[in-house]
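The values are calculated or read from the model by the stated rules, or taken from the named source; none is laboratory data. Bear in mind that the values here come from a model prediction, so they are computed numbers and not experimental data. Cβ atoms come from the backbone with ideal geometry, glycine included; neighbour counts cover every protein chain shown.
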Amino acid sequence: MSNPVMKQPSLFPEQSETAPNSTTSTFADNLTIPVHRWFRYSAGFSALWVREVIQREKVKGRERVLDPFAGSGTVLLEGEFSHIDAVGIEAHPFVSRIAGPNFLWHEKPTKFREYALSLLEKASKLDGATTGYPKLIHKCYPRESLLRLDCLRKAWESQADGSPVSELSWLALASILRECSPAGTAPWQYVLPRKKKAKVLDPYRAFHAKIYLMSGDMSWRQSRSVDRRAVLYQEDARAFPSVPDSSVDLVITSPPYANNYDYADATRLEMSFFGEVQGWGDLQESVRKYLIRSCTQHVSKLDGKTSEMLRNPLMEPIRPEITEKCRLLEAERENHGGRKAYHTMIAAYFGDMAKMWVELRRVTAQGGLVCFVIGDSAPYGIHVPVDRWLGELAVAAGFHSFKFEKTRSRNVKWKNRKHRVPLHEGNLWIKG
C-alpha cells in the first residue's frame, strides 16, 4: 500500500545530518557525558544527537521542547543545556524516580558530597542483614555484597527526608546495584542470574566512586551557566494534563518499540532491592498498567478482544492494513510453541499510540516539529511497518505531514535470529 501523504522535504531537516548506521538511537555515547551517565538506562538515545537537533531548531525559533517518553531525562537535560524550556512525561514510576535526581545537579557539589560520604561512614558501622529481600536479589548477590548494600540502604533510609542531597544519594545507591552484582545484569537485558560477569565492584568502593563522579559532574555542569530548569511529570503519554495546549514547538522522543520488550522488567533488579516488588508477577500492577502496551505481557488478559480494539475510531487510517496483519499473526501463532498474542499486542500498541498522537497534537503549537526515534517490527516474521503507520496516525490526529529517515539497519545478521526479515531504525519527522 502506497503512502497517500504528500511529503514536503523542505519542511524537514536535511537527511545528511544523520549518517546511516549512526548511534542516534543508542545510549552508548551518553556513558561519557556528565549527568547523563549517572544511571545507565539504555532505553535512551544519543544526548549529543539530541543537542544537535535542539540547537538547530532553536535558531529557527523553537525553544520549548517536550519528551512524552522521557526515560532518564536525556532530552530534558539537553534542553536545559541549550537554554530552552524543557518538559518531560514518564509513566514508569521507577524510571521517573531515577530521572528526578538528574535535575538536581544545580545543588552545591560539596554539600552533596559531604552528605553522601557521611552515609557511607554510617553504613560502615551498621550491621547488615540479608533477610526480607526477594529471591531475585539473593540470586544476584553474594552474601557479603548484599550485607554491604543493605547497610547503605539502611543508612540512607535513616536520614531520607526528600531533600536534594538525599535524593541524589538515593540515585547513587540505585546506580551501583548492577555494578556490584556478579550476575548477568546488563542494563538492556533481563536479569540473568546464571550468567556471571568478570568485573564486579565492592559496594562501598562503588558508592564512594559514584559520589565523586556525580559531584564532579555537578561542578562541570554548573560551570556551563545553565540557567533553565526542566520539568518532569509522572503521567501517561496517552494523557498528560499538566502540559498546556499549544505550549511546545519541538518534540523529541523515542517511544517504546513494538518489539515485545517488557519495559516494566527493565528495572526489576532495582525495584526488588528497594522492596517495590517482590516478584515478576508484581510488575503488572506496579508498572505495566501505566505503560504503552508494547509487549505481550501487557495484553495477557486481552486475548480475544483484538477485533474490538481494531474498531477504535482512531485506528481508521490504518485499519485495513493492521486488521490483515493481526489476522496473519493470529494464524501464525498456532505454529509456535509459545503461542504469543502478538496480534493483540500490535492492536493495543497502535491504539495506545493513536491516543498519544491526539494528546501530542493538543500540546504542540502550529508549525511545531516532532521527531520520533523508532524502528519497525516483525513478530513471527510478519512485518509491521511501524514508522509509516505512526506517521499516518499522526496526520489523522491533525499534524501536517511526515517522512521517515533511516539511520541504521537491524536484524541483518541471521545467526540465532527468530526470523529473517530485515528491519530498520531511524527518525520519523512530523510537521505540525
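So the values come out like this:
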quantity: Selection status of residue 391, surrounded by 20 or more Cβ atoms within 10 Å (Cβ to Cβ) and modelled with pLDDT under 95; calculated: no
quantity: Residue ID - nearest to residue 180 (Cα to Cα), chosen from residues in the stretch 36-63 that are of a type in the set (D, E, K, R), more than 14 Å from the chain's Cα centre (by Cα) and surrounded by fewer than 20 Cβ atoms within 10 Å (Cβ to Cβ); calculated: 37
quantity: The lone exception for residue 283 - which of (1) in contact (Cβ under 8 Å) with a residue 24 or more places away in the chain; (2) in contact with a Lys or Arg (Cβ under 8 Å, 6 or more places away or on another chain) it fails; calculated: (1)
quantity: Qualifying helices (runs of 4 or more DSSP H) (wholly inside the stretch 251-328; at least 3 residues being polar (S, T, N, Q) and within 26 Å of the chain's Cα centre (by Cα)); calculated: none
quantity: Elements of type helices (runs of 4 or more DSSP H) in the stretch 131-220, at least 1 residues being modelled with pLDDT under 95; calculated: 135-140
quantity: Scope the stretch 370-380; condition surrounded by fewer than 23 Cβ atoms within 10 Å (Cβ to Cβ) and among the aliphatic types (A, V, I, L, M); matching residues; calculated: 378
quantity: For residue 307: the one exception among (1) under 22 Å from residue 91 (Cβ atoms); (2) modelled with pLDDT of 95 or more; (3) hydroxyl-bearing (Ser, Thr, Tyr); (4) surrounded by fewer than 24 Cβ atoms within 10 Å (Cβ to Cβ); calculated: (1)
quantity: Single match in 403, 355 (criterion: crowded, with 17+ Cβ neighbours inside 10 Å, among the charged types (D, E, K, R) and farther than 25 Å from residue 263 by Cα); calculated: 403
quantity: Long-range neighbours under 6 Å by Cβ, at least six apart or interchain, first residue in contact (Cβ under 8 Å) with a residue 40 or more places away in the chain and under 16 Å from residue 103 (Cα atoms) within the stretch 31-44, second polar (S, T, N, Q) and part of a loop (DSSP other than H, G, I, E, B); calculated: 39/72; 41/72
quantity: Conditions (1) closer than 30 Å to residue 97 by Cβ; (2) modelled with pLDDT of 95 or more; (3) surrounded by 15 or more Cβ atoms within 10 Å (Cβ to Cβ); number of the one not met by residue 275; calculated: (3)
quantity: Residue match in the stretch 33-54 (condition: farther than 26 Å from residue 216 by Cβ and modelled with pLDDT of 95 or more); calculated: yes
quantity: Output for the stretch 106-124, where each listed residue is surrounded by fewer than 16 Cβ atoms within 10 Å (Cβ to Cβ) and farther than 16 Å from residue 202 by Cα; calculated: 106, 108, 110, 111, 114, 118
quantity: Test: residue in the stretch 156-166 that is farther than 30 Å from residue 65 by Cβ and either in contact with a Pro (Cβ under 6 Å, 6 or more places away or on another chain) or surrounded by 15 or more Cβ atoms within 10 Å (Cβ to Cβ) (or both); calculated: yes
quantity: Residues being out of contact with any Lys or Arg (no Cβ under 7 Å at 6 or more places or on another chain) and more than 17 Å from residue 304 (Cβ to Cβ) - total across the stretch 333-364; calculated: 14
